[in-house]
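Structure first, then comments.
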Amino acid sequence: MSSSSLLQTSISSSSSAFFANHNFTFNSRARSVSLPAKHVGICKCVATPQAEKTEYKTQVSRNANIAKLQAGYLFPEVARRRVAHLKKYPDAQVISLGIGDTTEPIPEVITSAMAKRAHALSTLEGYSGYGPEQGEKPLRAAIASAFYDNLGIEEDDIFVSDGAKCDISRLQVVFGSNVTIAVQDPSYPAYVDSSVIMGQTGQYQKDVEKFGNIEYMRCTPENGFFPDLRTVSRTDIIFFCSPNNPTGSAATREQLTQLVQFAKDNGSIIVYDSAYALYMSDDNPRSIFEIPGAKEVALETSSFSKYAGFTGVRLGWTVVPKQLLFSDGFLVAKDFNRIVSTCFNGASNISQAGGLACLSPEGLKAMREVIGFYKENTEIIVETFESLGFKVYGGKNAPYVWVHFPGRSSWDVFSEILEKTHVVTTPGSGFGFGGEGFVRVSAFGHRSNVLEACKRFKQLYK
């Protein structure tokens, strides 16, 4: 076949309706190639609407209590905004003083104990599987000795866990959906959110930014961040955190004595969160059980997270005294033990080895040094904002600084600081209506980052 017929065949076979009813002449190397018109049918493509896809749905209704929750949990929302900021400013050096996550390395005396326990699991002699759901006996005894010596707390009153936050939800399962609760306002959001999920609350009331059926105990600079108990209605459960997250305030012995008496007068149970007790500088109680009669009305939850940098390792404990009884005389500890045994297989044996090392003389010394480092950070942050003329609270007894921006929205201040300084803080209103107008600044950070952040704060608000 000649080159012209090849060309003609090639073009004809690949031509579309566009070439139909046309004559074209191609000049290839001075040779004329004539293409006869070819009649072809035109195929019309008509778009037909696709059948609408329908998602398969089960016949299981959503938990209506979860549906009552407002937006996302505070700290993931702060993290989401940090990620969005980094996308907007990819080259920015963002410093996080928001979420209370520790930053300094775990002391080697503690990690070496965990490493040793982990390695032992690879040997026949050192391997262990499931342990007691309540925690290993040596660790329970060490916690009782280190934190509750001479307070009448015994090792079998202590339940070792994967953290105080987890125990708060387990306690809520013990209490059930028919109890009423009181919380400090502002307070750690897990108390309220877990109560909503359990069905203990009413609907969210947007006009006052509160859930129905919760007693919000207002804590302000005017009342020293301790509620006026004369104005507080009776509830079954009272959540109370000291030193407090987010305000950094710590209740005095006199105030906690009032709280215990208030609970006795009302037949209430105090859930006392002492996760920051070792940050205490003032001569305030580090445990609710320092108050006479507390074992009859209170339990206490705590954690190694902010002492030893165990935010990722996960290890905490809850103390439920034998003297704490329900209205029918049944031991609260027995029901908590049942929930723990049903819902939990016990803390990691490796984590528990670390916890035991924390409570050795060398471990306690190392933890105090880490805590001292963070307390120095708080001093730097407090001095910075005070030099700029702000009213500042907290810091002395807790790793949080509570800065007042009167007349301003907490989220607006959070956004302003993030946008103009690339520093992440936490908006006070995320801890409740009582936190509006405040921003929490965390002392958990490398020293160089804290100094740089404070330098940026001074540039912004000088």
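The values are calculated or read from the model by the stated rules, or taken from the named source; none is laboratory data. All figures in this text were calculated on a predicted structure; none of them were measured in a lab. Heads up, the Cβs are rebuilt from the backbone with ideal geometry, glycines too, and the neighbour counts pull from every protein chain shown. For the accessible areas, the whole protein counts, side chains as well, though only heavy atoms, and no ligand, DNA or RNA atoms are used. Shrake-Rupley method; radii C 1.70, N 1.55, O 1.52, S 1.80 Å.
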- Note on the structure: Flagged in the range 97-117 as part of a helix (DSSP H, G or I) and closer than 22 Å to Cys166 by Cβ, in numbering order, are Ile110, Met114, Arg117
- If we scan the range 220-232, do we find a residue that is among the hydroxyl-bearing types (Ser, Thr, Tyr), assigned by the TED database to the domain that holds Ala182 and either in contact with a Phe, Trp or Tyr (Cβ under 8 Å, 6 or more places away or on another chain) or crowded, with 17+ Cβ neighbours inside 10 Å (or both)? no
- Message: Among the residues of the range 283-297, are any under 18 Å from Val174 (Cα atoms) and not basic (Lys, Arg)?
- Response: yes
- Out of all the residues in the range 105-139, which are free of Cβ contacts under 8 Å to residues at least 40 places away in the same chain, closer than 24 Å to Glu155 by Cα and open to solvent by less than 40 Å² (accessible area, probe 1.4 Å)? none
- Task: Test Ala84 against the criterion of being free of Cβ contacts under 8 Å to residues at least 40 places away in the same chain and not in a strand (DSSP E or B), and give yes or no.
- Result: yes
- Checking Val313 against (1) outside any loop (DSSP other than H, G, I, E, B); (2) more than 19 Å from Ala182 (Cβ to Cβ); (3) in contact (Cβ under 8 Å) with a residue 12 or more places away in the chain, which single condition isn't satisfied? (1)
- Query: Does Arg286 fit the bill of being within 25 Å of the chain's Cα centre (by Cα), open to solvent by 10 Å² or more (accessible area, probe 1.4 Å), more than 23 Å from Gly430 (Cα to Cα) and of a type in the set (D, E, K, R)?
  - Reply: yes
- Task: For residues that are open to solvent by 60 Å² or more (accessible area, probe 1.4 Å), outside any loop (DSSP other than H, G, I, E, B) and either in contact (Cβ under 8 Å) with a residue 12 or more places away in the chain or in contact with an Asp or Glu (Cβ under 8 Å, 6 or more places away or on another chain) (or both), tally how many sit in the range 174-209.
- Result: 2
- Query: When residues of the range 388-438 are filtered for being of a type outside the set (D, E, K, R) and assigned to a loop (DSSP other than H, G, I, E, B), how many remain?
  - Reply: 15
- Identify, please: which residue in the range 422-462 is in contact (Cβ under 8 Å) with a residue 60 or more places away in the chain and of a type in the set (Val, Ile, Thr) and is, among those, nearest to Glu215 (Cα to Cα)? Thr426
- Item | Candidates Gly355, Gly445, Gly394, Gly435 - the one that is at pLDDT 95 or above, open to solvent by 10 Å² or more (accessible area, probe 1.4 Å) and not β-branched (Val, Ile, Thr) | Gly394
- Query: Can you name every residue in the range 140-150 that is exposed (fewer than 15 other Cβ atoms within 10 Å of the Cβ) and of a type in the set (Gly, Ala, Ser)?
  - Reply: Ser145, Ala146
- Query: Condition test on Thr301, is it over 18 Å from Phe159 (Cα atoms), hydroxyl-bearing (Ser, Thr, Tyr) and at pLDDT 95 or above?
  - Reply: no
- For Phe385, are the conditions met, namely being in contact with a Cys (Cβ under 9 Å, 6 or more places away or on another chain), in contact (Cβ under 8 Å) with a residue 40 or more places away in the chain, among the aromatic types (Phe, Trp, Tyr) and assigned to a helix (DSSP H, G or I)? yes
- Taking the range 57-81 as the region of interest, how many residues are more than 30 Å from Ser448 (Cα to Cα), of a type outside the set (S, T, N, Q) and assigned to a loop (DSSP other than H, G, I, E, B)? 7
- Query: Does Asp335 fit the bill of being surrounded by fewer than 23 Cβ atoms within 10 Å (Cβ to Cβ), in the same structural domain as Glu215 (by the TED database), assigned to a helix (DSSP H, G or I) and of a type in the set (D, E, K, R)?
  - Reply: yes
- Among the residues of the range 80-104, write down those that are touching a strand residue (DSSP E or B) at 6+ places or on another chain (Cβ under 9 Å), open to solvent by 40 Å² or more (accessible area, probe 1.4 Å) and of a type in the set (A, V, I, L, M). Ile99
- Report yes if Pro285 is in a loop (DSSP other than H, G, I, E, B), farther than 22 Å from Ser249 by Cβ and touching a residue at least 24 places away in the same chain (Cβ under 8 Å), otherwise no. no
- Task: Kindly indicate the residue of the range 451-462 that is closer than 15 Å to Glu379 by Cβ and touching a Phe, Trp or Tyr at 6+ places or on another chain (Cβ under 9 Å) and also surrounded by the most Cβ atoms within 10 Å (Cβ to Cβ) among those meeting that condition.
- Result: Phe457
- Task: Within the range 58-68, identify whether any single residue is open to solvent by less than 50 Å² (accessible area, probe 1.4 Å), over 27 Å from Pro399 (Cα atoms) and modelled with pLDDT of 80 or more, and answer yes or no.
- Result: yes
- Only one residue in Ser274, Ser249, Ser341, Ser327 is of a type in the set (Ser, Thr, Tyr), open to solvent by 10 Å² or more (accessible area, probe 1.4 Å), at pLDDT 95 or above and closer than 27 Å to Val403 by Cα. Which one? Ser249
